[in-house]
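Below is one structure, written out as structure tokens, with a few remarks after it.
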């Protein structure tokens, strides 16, 4: 399958945040969302819509009745109120639109395939869409796996690049952690029997499409809490403006209804109200950009709260591959002989371990690389069956592999594993290294000591997390001594050695009992309980179906380090919400100074003293405030979609920063904005 | 449910007896024991007859007495059973008019020219309507009138006022002031 | 200028003494409500047991929030019924030397609601309406009980915030009894005697008639004043024995009593912040709140004092010399102590007055009004001030806390939908009551007919009345004739809604917070113990609280100030 066909690349193709293709449908959607039944879901903007409607009615009535005094102002007010609603709708539609476009791409991936259903031992060709849970299908080399399922028989290499973007084929076999297969992926060699585990429409691919599309998007807990606050503020301001009329009547300064509506719309938190759902959608979208699928918005929010990260040592903290650091020869073998054989066996081995052996041999014994072709050697690649690799040349059979695999190999040749080598293997393993045994024919030459290598930059990353108040815990099967050494080297806060699924689960529960929120990654079936228990469980897409079901996020790239990014995205989502809320509320101060003097200046010219912006006329002041209120929504759409700038800092530093920008900025910006709009309105003779 | 309601009712009765009967009676008893004069109203007697309370202002209209603050307590002012202020607001025409009228009156009885400054406390109604005090400035302003009416040298009256100035309590609290009733009692003594 | 220096010195002295007294009192109260030993135990423990036995309170079993709220409600409403009945029956009850007859039903309802809710709004004139028995057995009792109720609620909320994974928030009877026995009664007893020593009367004699120097007759109202005065201030009740309240020389005879009365108003609310810090296990949590209160208070005081000191230019133009704003003020208190008292009594939901607020300069009157509209959270009523402020703390944590990128949490507990719902209600209900009530009054003849001062000031009178009622303050722009069926009923309802419309959500918050687990704080936690938080809290109180009322205030005191400066009158 061509590399470009995988989902992540296709998603990348649809990723431009403001490409023209998205704008047009978003504009259309903005109008469609004017439907009160849709608008009702957003109470703040619903109030604005009602206000716009009332203003329109009042204006029309005035026009019909021939009242000409305020018509020009009222028409403009009505227009801008509608625009306010449309801007908010547009923001939401735009955020949704990106998801929709991505879902389209995914749909194209889901090709109609034929399944070889096994019925009473006979193969029956049926369309994949007719498969049901529990059906058993045969998939042979070259076939596309027709649905999500579990391998029940056989072993095969599978190209999963369609879902993961990873071009290297993976082994899928019955039993164990490598039994899950995803619909849409292709079997490259051998054959497998698969029991289908998902009905059509419920497959992983389908769920992805649903998620991306936001079809079943529910408000997250924090979003609901914020909405309640916004509704509360809206009600308070509604009452404040509604009761202003009797006060104004008492004062002999009746305020026209459209102007009161304008005041109301300016005061209620339309900025955050209009952008709230866009922020939420954009948060999930940002995860998707990093090829992480969140099963719910709730999970994204929880990610922001996480303060304990459980990180698997291998692949997250250390390079998944280990490096050769020593040659430990068997009795009667020199170190150089061992190095020579190991180098030969690794020359064609392109894995990092293999490369590291060649490098070590060169460094230690100046053994230069030799060309296998000129040596007339043939490379024996690693296979799932033999679990060894090596080289055959001129009658020599050199193999390297795990101790038990090599033992089987030499035994076949009539040799045996010497006790000393067995001890070395045990010692290396105990120290946290990986012993790789090298043999030539029936003779065991010794052990290559492969050691964990900490990923570059990871220590700094952990320091960063610490500053953010997040504790890192390394999970490893190593013994405590080794684990402690690696933990210290990597700079994690804590470690869990000799981890088993049970101890992992217990660790999570212990942290949660102390009030912490825990995030972890996992891929094996035995990770499933822990993934389910964790507040954020990031399952690797290469993992088992059980793991993916248990977690609340799936990483398509199978990169456990991404957990850190997930946390950052969660934080950014919450920060964006908070910042825009603060901004929205702080805006009100300036709007008061614009509208209140304008409202009553006829009756009480003395109130002109409050017109500190020196806005030209009452009409221009009111209009300027309403226009600013509308424009600020559209101006903040990119911020809502992109999220506020995120820096890995402690809470206090972040707070100070955001307070200055969004709190203070929220106070000051409208004073400037309204004044400018007012000047423009006067220049254009609109008020 | 009934039991809970009963508990509530009993609690209310117990608390009423404790805080509504025992507590005030205890305070009354202790007050009468330790501070009988104050507890009874800090009454001032002349010739065995109570003439008022040292704390409560009373109405003085005649030229021979120092006048207290305007009072709106009761119908004629200084009704110590009907304490009250005027409650006139700062932009009340009535307030402005009343103050203007009082200013004119003060200026007339004290022989001051039109527009002469008059301390605010002499032309504004007190909060309680029973304010026993006036400012030293307000007292000094009245000295010539009182002296003339009583046929006393101004100096003598002035020094009487001086002696009757109550300074700030503990040297810092409140405002310097003159208790009008006490001053007038002293004045009566002086004239006798 | 010397006068200003003395004024500032007096204000500074007041604040210094306040902190000096509040800290030890706060610590003491923390011991009382945590059930730790105190020096008064030998006397009070047996008394406490006796009360429980007499009342039939079986044990100190803890209550969940619903039970706590239900007990509190029933107890309070039963108390209200008792106050109503005593007023209606005072003609046949003892201690009635002036032979006052039954209080009319609407006024009796208003007064009952008023004293039960710690508002102590007085649509009556004490010395010409209430018998000594009514003053003692009905009004003084509710002075204690409403104050104790407020303290109980804040103690319950504190427990709710401090506890983890708990179902209960305390026992109402215990909290009530302990706050009366250990806090309110001893302080009142002591304070009452100090007041008497300065001249506050305390007797059960009939009114005394004297012949004045000029030969007139003056009737001196008498009564058990000091005992009620003490709890009136300590319990932030504010209902005066006399109509003129703390301006009356028999209630507040000297500058010293004035200072002590102001301290009495603030000492428990300020002390409770210390209590709170102790009970939640981090004294800084309390001091940041105290600091925010102080900050808002000093700002408010600055405006009131500045405005009163500047005075009324219209009167100055007539030739009035010295401080012009002396209408409705007493000479012994002057501008500084009247401004300070007005700010104190409305910051706390006390409502006692030593000057007539209706006669304050417009800005001087705006601040008291605003402080009540903010929900009486600047010190506030005993208990109610702190629980009101904690609602704002929750709002602040929610709005600002989101900005650090975590679900907002307070004391390690997440602020979620339920808490937001309740906190929003607690802010919304009183605000709505004030706005709707004043709107109704401004729109109806029944409302506007009671206005004394026409023009914008009349609107201020209405706004003030409902702010005072819903905020459970009780002070008034007393020119408004509030003893009408309309105001008696409307304000009575406003007081009830303003009181329980906050208490119930607050107890619900206590219940839901108690059940939560707490996350230990870390560098990623939004800190609620910093000076920054103090500023943020004050800002949220001002912005969320004040913005609601700005349009109304603009048509009332704001425009009046501008008109006054322009020399206009109505």
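No lab work stands behind these numbers, since they all come straight from the coordinates. It should be emphasised that the depicted structure is a prediction, and the values quoted were computed from it without experimental measurement. Here the Cβ is made from the backbone with ideal geometry for all residues, glycine too, and neighbour counts use every protein chain on show.
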Sum -39500 (n - 2.57) across every DSSP H segment of at least 4 residues in chain C, then divide by the residue count to get the 222 nm mean residue ellipticity, nearest 500. -19500 deg cm²/dmol
Relative contact order for chain C: what is it in percent, counting Cα pairs under 8 Å that are at least 6 residues apart? 20 percent
What is the helix-to-structure angle for A:665-683, meaning the angle in degrees between its Cα long axis and the longest Cα principal axis of chain A, kept from 0 to 90 and rounded to the nearest 10? 50 degrees
Throw me the Rg/Rh for segment C:92-165, computed over C-alpha atoms with Kirkwood Rh, two decimals. 1.18
Computed P(r) (all Cα pairs; segment C:23-115; 5 Å bins; percent): 3, 10, 12, 13, 14, 15, 13, 11, 8, 1
At 7 Å along the Cα-to-beta-carbon direction for both residue A:69 and residue A:289, put a label point, then send me their distance in nm to one decimal. 5.2 nm
What ranking do C:350, A:266, A:119 get, fewest neighbouring Cβ atoms within 10 angstrom at the top? A:119, A:266, C:350
Rounded to the nearest 10 degrees, what's the angle between the helix A:257-267 long axis and the longest principal axis of chain A, both from Cα atoms, 0 to 90? 30 degrees
Using packing as a proxy for protection, rank C:311-322, B:110-121 so that the peptide with the highest average count of other Cβ atoms within 10 Å comes first. C:311-322, B:110-121
Kirkwood Rh over alpha-carbon pairs of segment A:238-368 plugged into Stokes-Einstein at 37 °C, 0.692 mPa s gives a D in µm²/s of 148 µm²/s
Rounded, prolate or oblate (a/c below 1.5 giving rounded, otherwise prolate when a/b exceeds b/c) for segment C:464-570 by Cα gyration tensor: oblate
Extension gain from residue A:423 to residue A:485, taking 0.36 nm per residue of separation minus the Cα-Cα distance: 20.2 nm
For a footprinting-style exposure proxy, rank A:191, A:40 by other Cβ within 10 Å, fewest first. A:40, A:191
Going by a ≥ b ≥ c, the root eigenvalues of the Cα gyration tensor, does chain C fall in the rounded group (a/c under 1.5), the prolate group (a/b larger than b/c) or the oblate group? oblate
Gyration tensor (alpha-carbon) shape descriptor, segment C:22-72, a/c threshold 1.5: oblate
Modelling each spin label as a point 7 Å along the Cα-to-Cβ direction, I'd like the residue C:489/residue C:166 distance in nm, to one decimal. 4.4 nm
For a distance above 63 Å, tell me the whole-number percent of Cα pairs in the protein assembly as shown that qualify. 30 percent
So if we plug the beta-carbon distance of residue B:97 and residue C:27 into 1/(1 + (r/R0)^6) with R0 = 41 Å, what FRET efficiency do we get, rounded to 0.05? 0.15
Give the residues of segment A:326-354 whose amide nitrogen is closer than 18 Å to a point set 7 Å from the Cα of residue A:368 in the direction of its Cβ. A:340-341, A:343-344, A:347-348
Computed from every Cα-Cα pair in segment C:433-479, P(r) in 5 Å bins starting at 0 and rounded to whole percents is 5, 27, 33, 27, 8, 0
Convex hull over the Cα atoms of segment C:1-158, averaged projected area in nm²? 13.9 nm²
Taking chain A as the reference, fit the longest principal axis to its C-alpha atoms, fit the long axis of helix A:562-600 to the helix C-alpha atoms, and give the angle between the two in degrees, 0 to 90, nearest 10. 10 degrees
For residue A:647 and residue A:257, calculate 0.36 nm times their separation in residues minus their Cα-Cα distance, and state this gained length in nm to one decimal. 135.8 nm
Computed FRET value (nearest 0.05) for residue C:89 with residue A:683, which takes r as the C-beta separation and R₀ as 56 Å: 0.15
Let me know the Kirkwood hydrodynamic radius for chain A, please, with Cα pairs as the basis and the value in Å to one decimal. 29.4 Å
Report, as an integer, the average count of C-beta atoms from other chains found within 10 Å of each Cβ along C:407-415. 3
Contour minus Cα-Cα span, residue A:509 to residue A:455, at 0.36 nm per residue, comes to 16.6 nm
Roughly how crowded by other chains is peptide A:603-612, in terms of the mean Cβ count from those chains within 10 Å of each of its Cβ atoms? 4
Would you calculate, for chain B, the mean residue ellipticity at 222 nm contributed by helices, counting each DSSP H stretch of 4 or more residues as -39,500 (n - 2.57) and dividing by all residues, to the nearest 500? -13500 deg cm²/dmol
Given contacts defined as C-alpha pairs under 8 Å and at least six residues apart, what's the relative contact order of segment C:268-391, whole-number percent? 28 percent
I'd like the FRET efficiency for residue B:9 and residue C:303, computed as 1/(1 + (r/R0)^6) with the beta carbon distance as r and R0 of 51 Å, rounded to 0.05. 0.60
Summing -39500 (n - 2.57) over the DSSP H runs of n ≥ 4 in chain A and dividing by its residue number, what mean residue ellipticity at 222 nm do you reach, to the nearest 500 deg cm²/dmol? -17000 deg cm²/dmol
Which whole number gives the average, over all residues in C:140-150, of C-beta atoms from other chains lying within 10 Å of the residue C-beta? 3
Ordering of C:47-56, A:399-408, C:430-439 by burial proxy (mean other Cβ atoms within 10 Å per residue, highest first): C:430-439, A:399-408, C:47-56
Using mean Cβ contacts within 10 Å as the protection proxy, how do C:399-409, A:222-232 order, highest first? C:399-409, A:222-232
On each of the three principal axes the extent of the alpha-carbon atoms of segment A:559-687, given in whole Å and largest first, is 67, 28, 16
Mind giving me the nanometre distance, one decimal, between the label points for residue A:430 and residue B:75, set 7 Å out from Cα along Cα→Cβ? 11.2 nm
What number does segment A:371-454 give for Rg over Rh if you use C-alpha atoms and the Kirkwood radius? 1.00
Over what distance in Å are the Cα centres of segment C:304-359 and segment C:499-543 separated? 36 Å
